[in-house]
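Chemist: Would you mind keeping the following structure in view while I ask a few things?
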Amino acid sequence: MMKYPKMSFWIPYVISLAFGVTVFLRPALVPGVPWIVVPVIILAGVTAVLLELMRRWHGLGTGDLPESYTPQHFLLLLWLSVSAFVVGVVLHNALYALFWYTPGAPEAGDEAVFFIIAIIVVPAGFIAGTVSRFWRWAVIEPARKMANVGFHLPDRGRYFLPVGSYFWLWRFGRGIELLTAKRIRAGGVFCTVFFLGVLGLAIIRRAARDYLEGAGSRGLADSPERQATSS
């Protein structure tokens, strides 16, 4: 399996964090600078990340799991977090507009929930996902148990792109469904991560703890995936 230096892997995170801090502290750092520079700063941060990923792109599609500090890890963490953030923002604004323009509706509703998810929950999950121990616990350990019963996650590069990551997530949910004997459904796994980001993976991992530790291994030998592997 291809190894990646931990220090080199942190370069995109450090650069992105620096640009993000610059955006939020812009008025204090450079008073009077127009907000038009914000997209430029964000674009520069994204470019720095993409340049680092291009240098590692040959590591994708090697058949490895999304181990810590690999391009697969970073790309899944990035896209699942960004998409959850966008979903939270869109739902917040949509509900806010609904309450604002609907006659007789209350002035405030549940849109604050999605605001908290987008601003607090998703970034917290992104930060947690950068920790190798958390990532191994939430993703790698379940993925290895899936592989042990003949259920393999996608490993080609297209599954770690913005839209392709949803297909990877759905396949991950199917694996959780298999390991838990359908106590946790693939749709529930997908929706939890879709709306909450990486912290959704932690919720699923916690909910499936007993099954992943062996309580849910009963009956796996008769599963279609298991039969296909042994045939």
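The values are calculated or read from the model by the stated rules, or taken from the named source; none is laboratory data. In this text the structure is predicted, and so the values were computed from the model without any measurement. In this analysis, Cβ positions are derived from the backbone assuming ideal geometry, glycine residues included, and neighbour counts consider all displayed protein chains.
Chemist: When you go through (1) buried (at least 17 other Cβ atoms within 10 Å of the Cβ); (2) under 19 Å from PHE74 (Cα atoms); (3) in contact (Cβ under 8 Å) with a residue 24 or more places away in the chain one by one for THR180, which number turns out not to apply?
Modeler: So the condition that THR180 fails would be (2).
Chemist: Pick from segment 142-156 the residues that are in a helix (DSSP H, G or I) and not charged (D, E, K, R): which of them is farthest from SER68 (Cα to Cα)? It would help to see each step written out before you state the result.
Modeler: Restricting attention to segment 142-156, the residues satisfying the condition of being in a helix (DSSP H, G or I) are 142-148.
The next check asks that each one be not charged (D, E, K, R); those that pass are 142-143, 146-148.
On the way: PRO142: 14, ALA143: 13, MET146: 18, ALA147: 17, ASN148: 19 Å.
Among those residues, the one meeting the criterion is ASN148.
Chemist: Of all residues in segment 101-132, how many are at pLDDT below 80 and assigned to a loop (DSSP other than H, G, I, E, B)?
Modeler: First pass over segment 101-132, keeping only residues at pLDDT below 80: 101-112.
Now narrow it down to the ones that are assigned to a loop (DSSP other than H, G, I, E, B): 102-110.
The total comes to 9.
Chemist: Among the listed residues ALA186, ALA138, which satisfies the condition of being free of Cβ contacts under 8 Å to residues at least 24 places away in the same chain and assigned by TED's automatic domain parsing to the domain that holds VAL89? It would help to see each step written out before you state the result.
Modeler: Details: ALA138 fails: free of Cβ contacts under 8 Å to residues at least 24 places away in the same chain.
Result: ALA186 is the single residue among ALA186, ALA138 that is free of Cβ contacts under 8 Å to residues at least 24 places away in the same chain and assigned by TED's automatic domain parsing to the domain that holds VAL89.
Chemist: Among the residues of segment 138-145, is there at least one that is modelled with pLDDT under 90 and surrounded by 21 or more Cβ atoms within 10 Å (Cβ to Cβ)? Working first, answer last.
Modeler: Looking only at segment 138-145, we keep the residues that are modelled with pLDDT under 90, and these are none.
Taking every residue of segment 138-145 in turn, none turns out to be modelled with pLDDT under 90 and surrounded by 21 or more Cβ atoms within 10 Å (Cβ to Cβ).
Chemist: Restricting the search to segment 156-184, which residues are of a type in the set (D, E, K, R) and more than 16 Å from the chain's Cα centre (by Cα)? Even if it seems obvious, please write down each step before you answer.
Modeler: Here is the first cut: in segment 156-184, the ones of a type in the set (D, E, K, R) are 156, 158, 171, 174, 177, 182-183.
Across segment 156-184, the qualifying residues are ARG156, ARG174, GLU177, LYS182, ARG183.
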